[in-house]
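Just so it is clear, none of the values below were taken in a lab; they were calculated from the coordinates. If you're wondering where the values come from, they're calculated on a predicted model, not measured in any experiment. A quick note on method: Cβ atoms are made from the backbone with ideal geometry, for glycine too, and the neighbour counts reach across all protein chains shown.
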Amino acid sequence: MRRYSGRALVVAAISTAVVFGVLGVIIVNAPGWEAFRRSFLDGENFLESAPRIVARFEVNVRLFLIAEVLILAWALVLAVVRGLKGPALFPLRLLATVYIDLFRAVPGVLVIFLLAFGIPGLRLPGVPNDPFFWGVVALTLVYSAYVSEVYRAGIESVHPSQEAAARSLGLTQLQALRYVVVPQAVRRVIPPLLNDFIGLQKDTVLVSFVGIVEIFRQSQIRQQATFNFTPYLVTALVFIVLVIPMARFTDWLVARERARRSGGAVDATSSGGQRARMWGL
Amino acid sequence: MPKNIRLTTLPLALALLAACTAGGGSSPAASEAASGTAGADCTAESLETVADGRLTVSTSNPAFPPYVLAPEEGEQATEPWEFGDPTKGRGFEAAVAYAVAAELGFSTDAVDWIALPFENTFAPGEKDFDFALQQISYTEERAEVVDMSDGYYFANQALVSRSGTDLEGATSIDEVRAARLGVASSTTSLAYVEEVIQPEQDPMVYNDNDGAIAALQAEQVDGIVVDLPTAFFITAVQMEDGVVVGQFPGADEEEYFSLVLEKDSPLTDCVNQALATLSESGALDDLTQEWMSDSAGVPEIAP
């Protein structure tokens with residue numbers, strides 16, 4: 001077992017070195033490499049742009065933290081409403097279903113445009129016209145539609161006998177959801193929830209369309225002032241640094257859940273191959 | 001290919017006139033060109049263009065007046081132009097492009113137009129156009145990445161607001177400073193706002209002028225800064241209650257629009273030579289007068 005995993009490691013290392021080495025040689029020898037390097041990998045531009053761009057990331061962080069809290073709560077409401085049983089509740093189920101279909105169908109950037117420019121354009125008294133506010137609302141509307149489907153998948157994955165048992169103990173439909181079904185469901189869907197959270201973090205750049213100077217807009221301003229694309233590299237790196245640890249963490253959660261469900265018969269960290277799977281590789 | 005080109009003959013006539021009358025003397029914009037172009041062979045046959053024997057010019061789509069005019073009533077629009085149709089040759093930049101083309105020896109039939117977003121004009125790699133023009137202001141940083149010609153228009157920045165706002169009657173930059181300003185990111189207007197106006201609040205920055213206009217209408221900003229000719233188009237066509245508050249004095253360095261060419265393009269010297277000829281003959285002034293004359297008589301916003 002150990003020896004096999006050692007040899008696998010060597011093979012993996014050699015194969016990786018060959019593949020990336022060949023790719024690197026091809027890219028560096030491309031006819032446009034010099035021009036590409038000047039436009040995308042300009043060290044001086046990078047150093048000059050990075051502090052200004054990173055400083056603007058604060059706007060995105062604020063945006064996705066506020067929105068994520070609202071999304072998690074609102075999406076759960078949608079998922080529960082959609083799963084309610086009984087003919088009298090049909091209109092509610094219908095509304096939830098239409099909402100979810102609608103906001104999954106419309107591109108997020110359009111929702112942001114329509115809300116941030118459209119609603120203030122109505123000039124209703126008392127309605128805020130702050131584009132940041134409408135950015136949060138738009139992202140919440142769009143992402144809660146996705147996230148409610150994740151919740152729903154989790155709720156439906158809980159065996160019906162769980163709910164039946166809860167109801168037989170005298171719990172109402174909502175109580176059974178609240179104390180029995182949803183806690184189990186949420187635990188199961190934490191990885192896909194994190195997945196959508198990552199999507200949300202990246203989609204915060206869409207609020208730049210309505211004038212907010214956040215990380216993407218700041219890099220675009222630098223790019224258009226210098227005719228050089230290196231500032232985008234700065235932005236890409238910021239997201240990589242943010243998202244990759246979270247992606248690995250999500251994979252680790254999935255692997256742990258799998259190991260846990262297989263009844264503890266396999267120790268999740270017993271071999272190299274298993275360890276690689278835990279990190280999603 | 002355009003199916004139905006019906007070019008107004010005036011720009012062409014002017015260009016031909018210019019070609020005949022080109023003489024000595026050198027304007028400031030032309031001096032740089034003149035020094036580097038002695039002996040360059042600038043004829044349609046010998047120029048290395050994207051398509052042999054043809055000149056490919058790029059601008060934005062939609063393009064707007066007064067730079068590119070829409071087809072007249074009854075006239076068929078050319079694909080893919082959504083608003084302004086440069087193939088008709090009307091509008092300042094369309095006319096300048098055809099005038100430069102004529103200087104280089106390309107007939108109007110030998111000019112092809114392509115629609116490219118601003119970013120694509122300076123993305124690395126080979127260009128699909130011989131030159132691009134869409135109110136791109138010259139800056140030294142930009143000129144390191146692409147070739148930028150001598151100026152064909154010298155633009156002032158202007159302030160557009162809604163009628164009925166405090167900003168409407170502003171006469172000095174101090175009065176503008178307290179306002180919430182919007183500006184498009186691809187413009188040098190942004191640099192002007194940050195460096196010269198220095199507003200008290202960070203400006204809002206949009207993809208393009210249309211985003212800034214939408215925000216002005218939604219009352220998310222009090223005023224937007226654009227170049228003066230664009231300000232006229234906005235208030236005349238795009239915004240019912242828009243007003244041109246005034247034009248700003250020029251920045252320290254003179255601001256002008258350049259044609260954009262691929263870095264080290266063999267055409268750059270010839271294009272500069274053509275612009276110099278047009279400038280010396282007065283043809284460029286005539287085109288400016290013809291298409292951009294509204295710019296005169298706008299109150300100045302004092303520093």
So the FRET efficiency between B:D264 and A:F133, C-beta based with R0 = 45 Å and rounded to 0.05, is 0.40
Please give the charge dipole size of the protein assembly as shown, origin at the Cα centre, charges +1 on K and R Cβ atoms and -1 on D and E Cβ atoms. Round to the nearest 20 debye. 5680 debye
Residues listed by number, segment A:171-211, amide nitrogen under 18 Å from A:K85 label point at 7 Å toward C-beta: A:171-185
Taking Cα pairs under 8 Å and at least six residues apart, what relative contact order does segment B:157-247 come out at, in percent? 45 percent
Could you give the Stokes-Einstein D for chain A in µm² per second, using the C-alpha Kirkwood radius, 37 °C, 0.692 mPa s? 145 µm²/s
Taking the convex hull of the Cα atoms, report for the protein assembly as shown its projected area averaged over all directions, in nm². 35.5 nm²
For B:K263, the net charge from surrounding residues (Cβ-Cβ under 12 Å; K, R +1; D, E -1) works out to -3
Place a +1 charge on the Cβ of each Lys and Arg in segment B:35-100 and a -1 charge on the Cβ of each Asp and Glu, then give the dipole magnitude about the Cα centre in debye, rounded to the nearest 20. 160 debye
Please give, to one decimal in nm, the separation of the simple spin-label points placed at B:T43 and B:S163, each 7 Å out from Cα toward the Cβ. 5.7 nm
Among A:G154, B:V244, A:L63, flag the residue with its Cα farthest along the positive direction of the charge dipole of the protein assembly as shown, charges on Cβ as +1 for Lys/Arg and -1 for Asp/Glu. A:G154
Once each part is reduced to its C-alpha centroid, what is the distance from segment B:253-303 to segment B:119-152 in angstrom? 15 Å
Could you tell me how far the Cα centroid of segment B:188-217 sits from the Cα centroid of segment A:194-220, in Å? 19 Å
Could you work out the local net charge near B:A70, counting Lys and Arg as +1, Asp and Glu as -1, over the other residues with Cβ closer than 10 Å to its Cβ? -3
Modelled FRET efficiency - R0 25 Å, B:D210 with A:V77, Cβ distances, 0.05 increments: 0.10
Assuming 0.36 nm per residue, please report the length gained on full extension of the stretch A:V28 to A:A105 beyond their Cα-Cα distance. 23.6 nm
Which whole number gives the average count of other chain Cβ atoms within 10 Å of the Cβ atoms across peptide A:31-38? 3
So, with +1 on the Cβ of K and R and -1 on the Cβ of D and E, and no other charges, what is the size of the charge dipole of segment B:210-297 about its Cα centre, to the nearest 20 debye? 120 debye
Taking 7 Å along the Cα-to-C-beta vector as the label spot, tell me the A:K202-A:T97 distance in nanometres, rounded to one decimal. 3.1 nm
In what order do B:D52, B:D241, B:D128 fall by count of nearby beta-carbon atoms within 10 Å, going from fewest to most? B:D52, B:D241, B:D128
Let me have the relative contact order for chain A, percent, based on Cα pairs under 8 Å that are six or more residues apart. 26 percent
Residue order, fewest to most surrounding Cβ atoms within 10 angstrom, among A:I155, A:I240: A:I240, A:I155
Once both labels are modelled 7 Å past Cα along the beta-carbon direction, what's the A:L122-A:E58 spacing in nm? 3.3 nm
Average beta carbon contacts from partner chains per residue of B:214-227, 10 Å cutoff: 4
For B:G89, what residues show an amide H to amide H distance below 5 Å, using hydrogens built from the backbone and excluding near sequence neighbours? none
Using a 10 Å cut-off around each Cβ, can you sort A:W33, B:W81, A:W74 from fewest to most neighbouring Cβ atoms? A:W33, A:W74, B:W81
